Amino acid sequence: MDHFSYNAEGRYCAEDVPLPRIADAVGTPFYCYSTATLLRHYQVFSASFAHAAPLVCFAVKANGSLAVLATLAQAGAGADVVSQGEILLARRAGVPASRIVFSGVGKTEAEMAFALEEGIFQFNVESEPELRALSAVASAKGATAAVAVRVNPDVASGTHAKIATGAKDTKFGVPMSEAPPLYALAAALPGIRVQGVSMHIGSQLTSLAPFAEAFSRLRMFVGTLRQAGHGIRTVDLGGGLGIPYHDEAPPLPEAYAQLVRREMDGIDAQLIFEPGRVLAGNAGILVTRVIYVKRTAGRKFIVVDAGMNDLIRPSLYEAHHDIVPVRKPEGGAAVEEADVVGPVCETGDIFAQARKLSLPAAGDLLAFRSAGAYGASMASTYNARLLPAEVMVRGSEFAVVKTRQSYEELFSRDRLPPWF
Ligand SMILES: *Cc1c(COP(=O)(O)O)cnc(C)c1O
């Protein structure tokens, strides 16, 4: 459930704020987040596990806006981070270091040192060379790194190839069969304390079956590790729960929680989750203005002022985003098929092909729904386009939470070489 809907005047609103009001104040394109939706998603997710009091670490890469992170942090969320920058962001947003887990296949020694100084809760280690590097960095500092090995359960997650991470031929994690010697090594290395086990099998999963298979393998694996004498106090089940973008019917958090209860019953460990999309995805939209309606070669193109640089999911993952006219079309307005495209000079800069909609006019506003995760956080300045503004709504209030980039900011890092 989300808090984006039409008001009585037929204007699309974020909570109680009509979007044309925000567009007039900040221009387009802009991302718009709903506080109530974000909090609701966090509460529904957390409450379904209430019995287990899990550590819910929001995956910062899904949405790194300070206001989004601070909203979740205030509600009690931790953070799943994949870089030093994300640790800084999470800390600035008020996430205690004791609720930060550090994932990723390519942590540098500098990042490890920084994370140790901050005193983060857990490193999810993805390889033997990483484990050895972490040991060296920690012992040099006289520190101890709390470690979980990210194991790869080798399950097919049934999601888009670019976001599937649980099969054994991806770069992520360590195959379960190769993990026991790594745990033995971890137990022997200085500066390392074995704390738990972790996994993450992919993103936008719309069925429980891959989770069920992975969790049951992980459960057995925890038994194996304990038999070998390792103290396993944390079990990190990753993120990946899908959301409805279009006609998918992903499992509800309650069904997911029921599965977790069944598979992890009596495990005697702190459960950790790393949800990103399921918390933020439907809590944000991208609002854009139609620049032209172009008719050529028998086709209709709706050219909007947002591009693939602002929202790359359709180009990168063939993703579907519902497109909603901000001014509700008159009842009985004709529905036509059109392509919705951006201004970027790439054939792939397409948001929707042959989409059925009531044809807008130049100047009209459109909203791309489900853009709160992997939207703004993946934006770039390709084509020398400015990063979009981000706005947060709470009830009848709104605030710019990230200013639109200025040309001065865009060009501020450029220098001419001395021979000019
Ligand atoms: C991306 C990622 C997540 C979040 O995935 P969602 O599908 O957004 O829930 C969690 N953990 C790790 C390690 C990730 O890489």
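The values are calculated or read from the model by the stated rules, or taken from the named source; none is laboratory data. Keep in mind that this is a model prediction, so the values were computed, not measured. Note that we place each Cβ from the backbone using ideal geometry, even for glycine, and neighbour counts take in every protein chain shown. Surface areas here come from the heavy atoms of the whole protein model, side chains and all, with no ligands, DNA or RNA. Shrake-Rupley method; radii C 1.70, N 1.55, O 1.52, S 1.80 Å.
For the reader, a short list of remarks on this structure follows.
- Residue in segment 157-186 that is modelled with the lowest pLDDT, counting only those that are away from the ligand (no atom under 16 Å from the Cβ) and open to solvent by 70 Å² or more (accessible area, probe 1.4 Å): Lys168
- Residue within segment 318-325 that is buried (at least 17 other Cβ atoms within 10 Å of the Cβ) and more than 23 Å from Asp247 (Cα to Cα) present: no
- Looking only at segment 404-420, and only at residues there that are free of Cβ contacts under 8 Å to residues at least 24 places away in the same chain and open to solvent by less than 70 Å² (accessible area, probe 1.4 Å), the one that is nearest to Asn309 (Cα to Cα): Ser406
- In segment 219-245, the residues that are without any contact (Cβ under 8 Å) to a residue 60 or more places away in the chain and on the phi > 0 side of the Ramachandran plot form no Cβ pair under 7 Å with any partner that is open to solvent by 70 Å² or more (accessible area, probe 1.4 Å) and not in a loop (DSSP other than H, G, I, E, B), whether six or more places apart or across chains.
- Segment 31-72, subset in a helix (DSSP H, G or I) and of a type in the set (S, T, N, Q), residue farthest from Glu390 (Cα to Cα): Ser46
- Residues in segment 376-403 that are open to solvent by less than 70 Å² (accessible area, probe 1.4 Å) and in a loop (DSSP other than H, G, I, E, B): Ala379, Ser380, Thr381, Asn383, Ala384, Arg385, Leu386, Leu387, Pro388, Gly395.
- Selection of segment 1-36 for residues being of a type in the set (Ser, Thr, Tyr) and without any contact (Cβ under 8 Å) to a residue 12 or more places away in the chain yields only Ser5.
- Ser65, sole failed condition from (1) within 18 Å of Glu274 (Cα to Cα); (2) within 16 Å of the chain's Cα centre (by Cα); (3) surrounded by fewer than 22 Cβ atoms within 10 Å (Cβ to Cβ); (4) away from the ligand (no atom under 14 Å from the Cβ): (3)
- Any hit, segment 81-90, residues being in contact with a Leu (Cβ under 7 Å, 6 or more places away or on another chain), part of a loop (DSSP other than H, G, I, E, B) and within 16 Å of the ligand (Cβ to nearest atom): no
- Qualifying helices (runs of 4 or more DSSP H) (wholly inside segment 187-297; at least 1 residues being within 16 Å of the ligand (Cβ to nearest atom) and out of contact with any strand residue (DSSP E or B) (no Cβ under 8 Å at 6 or more places or on another chain)): 209-227, 253-264
- Index of the failed condition, Tyr31 passing every other in (1) within 14 Å of the chain's Cα centre (by Cα); (2) away from the ligand (no atom under 13 Å from the Cβ): (1)
- The number of residues in segment 70-92 that are without any contact (Cβ under 8 Å) to a residue 40 or more places away in the chain and open to solvent by 10 Å² or more (accessible area, probe 1.4 Å) comes to 14.
- When the test is whether a residue is among the hydroxyl-bearing types (Ser, Thr, Tyr), surrounded by 19 or more Cβ atoms within 10 Å (Cβ to Cβ), closer than 20 Å to Ala269 by Cβ and in the same structural domain as Val105 (by TED's automatic domain parsing), Ser198 passes it.
- Filtered by the rule that a residue be among the charged types (D, E, K, R), in contact (Cβ under 8 Å) with a residue 60 or more places away in the chain and either touching a strand residue (DSSP E or B) at 6+ places or on another chain (Cβ under 7 Å) or assigned to a loop (DSSP other than H, G, I, E, B) (or both), segment 160-175 gives a lone residue, Lys171.
- The one condition in (1) within 16 Å of the ligand (Cβ to nearest atom); (2) modelled with pLDDT under 95 that Ser377 fails to fulfil: (2)
- Only listed residue being out of contact with any Gly (no Cβ under 6 Å at 6 or more places or on another chain) and open to solvent by less than 50 Å² (accessible area, probe 1.4 Å), chosen from Pro244, Pro253: Pro253
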